[in-house]
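Take a look at the following structure, please.
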Amino acid sequence: MSYHAIENLVEDLIGILEKSNLPEAKQRHFVYNLYQFQMRFDTSYTELRKFKYLQQIHYLKKLPIEQHPDYKANRTYFEGLEEQDWIDIPDAETESSLAYTENGYFFPSYGSLLWERLKKEGAWPEATEAPEQVIIPNLLADMLDLAEAQGEKALMHNIYLAFLNGVLAYDFDAEAGIPKQFNDWISDADLNRIRDHFIKHELLKIKKKDTEFEVPSRLNEISEGTALDRVAQVDFLMSPKKTVEQIAAAYQKEQQQLAELPKKIELIRSKLPSALEAQQWQFLADNKPEDGHTIVWLFYRDVNVEAVAMRLFLELTFYVDLSSIAVKQYVQHPLLLEWQQQEKSLNIEDVPLSINVFEFVDADSIEKKLNFLGLWVLPLKAKEATIAKSIDQLLGYISEVSDQYPKKIHQEFPDAFFAKPYKAYVAIFDADGPIEDFLLFNNLYSISLLFIYHYVQQNRLDAAMKVHKQLESRLTDRFRVNIAWYKKDYMPYIKAIQQGKKPALPTLFYKN
């Protein structure tokens, strides 16, 4: 999903709020929640796009930088800020100083920690009510209602596509208001409001040229082995001709067939470990979580790639509900261990190099054997002999490609990795559409940290701080507050190098 599309959608939604007759506090409530929605994605700071209106409803203020609560105690820091920058005092224990600054002014927003401080000082009397964060379906159902009332049909299409793509991409979880089990969808008032708009206004009937969002196809979202809850949810969101009652009846019928699964699951549990040990993998663990929906097998072996000793891990995760197996490989690289002052171990929790092994298999030969998530589909509804044959095919692919990932790592790291300029990686993540480049690290946070470490070791502190500042400019308040890695690993490292130290490379950011 294009993050520019999200930014533009939020701007358009704020536009219809501006045209509404809602009470000012209600408008402020919606604006707050729309920006909370936007911050769920890796978007830029866009509040100044609607500055005049946001200032009018007292969501945003423009204040001289000298009026910042921390200005007097940190004057040197403030005088060192650039014309366009973020105020984020390094030694502050919380994010309560955080605000965007431009041309000698700063722009605190309603609901932020800085708003809380200014309100207590009496500097924000127009908006003293506490913000109330609502779940995504409730927010977007209300936005559909408002867009319908104003005759904004094109906007309704975009609202629905943003919601649909977010659900399909698992961007919204139960905490955001998307129940995991389909039974909970049936009576959900907000989800049914959204579905009613979808059916009434035919919100999936739109040409691709008329929207910035992807227009998904049901056929591409459901394949053999797709979880029953997922199938029912996709039908709820994408099948206007099926009633909710019909979708629920089909769901219940499929659930009954799951009762035959235990015997077939035991076949898989008995076959996989011994076969992989025959491929020289050493067995580490067989974990079955309490929920009974997944089984995880873990193996390892040591290899040498042109005299570089690496430890490989092979993790197979059997998702019973999906009738599918994920096959992931992890690699402990000796250079990263050295930089982090760690020893080789049997722990994969903080191993940053990992990949889906099927990425090394010819796509044409394997495409029909994988679901839309890239997981190997097991024919659990078939006879045991058919299941056993599928497992043998899976093991054949693993044997074929298991050494390709460490060879690729050796080819790319460290020389080729650092030979590419940092800005080239930024451009990759800023581009619209899927990432086509092969990346050892699948997020810009880890890449940035590695470049900072690399520059510090070369005594190029200015270059390291430039990368840090570029990364900081991209981070959202939500990331800074909620992501433990940022507070526990990244910022302590940055503060240490700002003090002239050369600490060990901290844990890299892990993105599943």
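Output wanted: per-residue J couplings in Hz (rounded whole) for segment 242-250, from phi through Karplus 6.51 cos²θ - 1.76 cosθ + 1.60, θ = phi - 60°, x for Gly and Pro.
Those phi angles translate into 8, 7, 4, 5, 5, 4, 5, 5, 5 Hz.
Determine the gain in length on full extension of the stretch Val303-Glu349; use 0.36 nm per residue of separation and subtract their C-alpha separation, reporting nm with one decimal.
Details: separation 46, 0.36 × 46 = 16.56 nm, distance 2.00 nm.
Length gained, Val303 through Glu349: 14.6 nm.
At 222 nm, what value in deg cm²/dmol follows for the chain if DSSP H runs of at least 4 each add -39500 (n - 2.57) and the sum is divided by all its residues, to the nearest 500? Could the numbers behind the result be given before it?
Values: 23 runs with 237 residues, N = 512.
Taking each H run of at least 4 residues, the total per residue is -13500 deg cm²/dmol.
I've got another one for you. Taking K and R as +1 and D and E as -1, what net charge do the other residues with C-beta under 15 Å from the C-beta of Val303 add up to? List each step's numbers first, then the result.
On the way: positive: Arg301, Arg311, Lys344, Lys407, Lys408; negative: Asp302, Glu306, Asp403.
Around Val303, the charge tally is +2.
A further question follows. Compute the distance in nm between two label points, each set 7 Å from the Cα along the Cα-to-Cβ direction, one at Ala385 and one at Arg460.
So the label points at Ala385 and Arg460 sit 6.4 nm apart.
Among rounded, prolate and oblate, which fits segment 141-255 when a ≥ b ≥ c are the square roots of the eigenvalues of its C-alpha gyration tensor, a/c under 1.5 means rounded, and a/b larger than b/c means prolate? Mind showing how you got there, number by number?
Values: a/c = 1.75, a/b = 1.49, b/c = 1.17.
It comes out prolate by the Cα gyration axes.
May I pose another question? Can you tell me what percent of all Cα-Cα pairs in segment 354-512 are more than 21 Å apart? Write down the numbers at each step before the final one.
Numbers: 7382 of 12561 pairs.
Of the Cα pairs, 59 percent sit more than 21 Å apart.
If you don't mind, there's one more thing I want to ask. Quick one: check the C-alpha center-to-center distance for segment 352-382 versus segment 50-85, whole angstrom.
51 Å
Something else now. What number of lysine-lysine pairs in segment 17-159 show an alpha-carbon separation below 22 angstrom, given a sequence spacing of 8 or more or placement on distinct chains?
Close lysine pairs found across segment 17-159: 24.
While we're on this one: Pull up the cross-link candidates among the lysines for Lys466, meaning alpha carbon to alpha carbon under 19 Å and not fewer than 8 places away within one chain.
Correct list for Lys466: Lys420, Lys423, Lys495, Lys501, Lys502.
Here is a follow-up. Hey, got the dipole for the chain? About the Cα centre, +1 on K and R Cβ, -1 on D and E Cβ, debye to the nearest 20?
Working: 58 positive and 76 negative charges, 53 e Å.
Magnitude of the dipole: close to 260 debye.
A further question on this structure: Find out how many positive minus negative residues lie around Pro414, taking Lys and Arg as positive, Asp and Glu as negative, among other residues whose Cβ is under 12 Å from that of Pro414. Show your work: numbers first, answer last.
Values: positive: Lys420; negative: Glu338, Glu412, Asp415.
Net charge around Pro414: -2.
Calculate the spin-label point distance for Ala73 paired with Ala416, positioning each point 7 Å from the Cα along the beta-carbon direction, and give it in nanometres.
5.0 nm
Would you please put 140-147, 21-28, 156-163 in order of how densely packed they are, using the mean number of other Cβ atoms within 10 angstrom per residue and starting with the highest? Walk me through the numbers on the way to the answer.
Values: 140-147: 22.2, 21-28: 14.4, 156-163: 23.9.
Packing order, densest peptide first, comes out as 156-163, 140-147, 21-28.
If one computes P(r) from the Cα atoms of the chain, what percent of pairs lie at distances over 39 Å?
Values: 48112 of 130816 pairs.
Counting every Cα pair in the chain, those more than 39 Å apart make up 37 percent.
Tell me, Leu353, Leu267, Leu337 in order of fewest to most beta-carbon neighbours within 10 Å? If you can, show how the numbers build up before the last one.
On the way: Leu353 22, Leu267 14, Leu337 17.
With the fewest neighbours first, Leu353, Leu267, Leu337 line up as Leu267, Leu337, Leu353.
Only sites in a loop by DSSP and with at most 13 other Cβ atoms within 10 Å count here; which chymotrypsin sites (Phe, Trp or Tyr not before Pro) in segment 383-431 make the cut? All intermediate terms of the calculation are to be shown ahead of the outcome.
On the way: sites: Tyr397, Phe417, Phe418, Tyr422, Tyr425, Phe429; in loops: none.
In loop regions of segment 383-431 (DSSP not H, G, I, E or B), there are no sparsely surrounded chymotrypsin sites (Phe, Trp or Tyr not before Pro).
Can you give me the Cα centroid spacing of segment 474-512 and segment 251-288 in angstrom?
Between the Cα centres of segment 474-512 and segment 251-288 lies a distance of 39 Å.
Further, regarding this structure: How much length is gained if the chain between Lys488 and Ala259 is pulled fully straight, taking 0.36 nm per residue apart and subtracting their Cα-Cα distance, in nm to one decimal? Please report the intermediate quantities before stating the final value.
Details: separation 229, 0.36 × 229 = 82.44 nm, distance 4.48 nm.
Gain in length upon complete extension: 78.0 nm.
Report the trypsin sites (Lys or Arg not before Pro) located in segment 462-512 that are in a DSSP loop and have at most 14 other Cβ atoms inside 10 Å of their Cβ, or state none.
Lys501, Lys511
Which number gives the lysine pairs in segment 167-280 that have C-alpha atoms under 17 Å apart and are eight or more places apart or on different chains?
Details: Lys200/Lys241; Lys200/Lys242; Lys205/Lys241; Lys205/Lys242; Lys242/Lys253; Lys263/Lys271.
Number of lysine pairs found: 6.
Of all GluC sites (Glu not before Pro) in segment 297-371, which ones are in loop regions per DSSP and have a Cβ with at most 15 other Cβ atoms within 10 Å?
Glu306, Glu343, Glu349
Mind checking the full-extension length gain between Ala154 and Glu126? Use 0.36 nm per residue of separation minus the Cα-Cα distance, one decimal, nm.
Numbers: separation 28, 0.36 × 28 = 10.08 nm, distance 3.40 nm.
Here the segment from Ala154 to Glu126 would lengthen by 6.7 nm.
Based on the alpha-carbon gyration tensor of segment 62-119 and its eigenvalue square roots a ≥ b ≥ c, which shape applies: rounded if a/c is under 1.5, prolate if not and a/b is larger than b/c, or oblate? The partial results should precede the final answer.
Details: a/c = 1.59, a/b = 1.18, b/c = 1.34.
Note, shape of segment 62-119 comes out oblate.
Which value in nm describes the separation of the simple spin-label points at Lys501 and Thr294, placed 7 Å from the Cα toward the beta carbon?
3.5 nm
None of the figures in this text is laboratory data; all of them are computed from the coordinates on show. It should be emphasised that the depicted structure is a prediction, and the values quoted were computed from it without experimental measurement. No Cβ is skipped: glycine too gets one built from the backbone with ideal geometry, and neighbour counts run over all protein chains shown.
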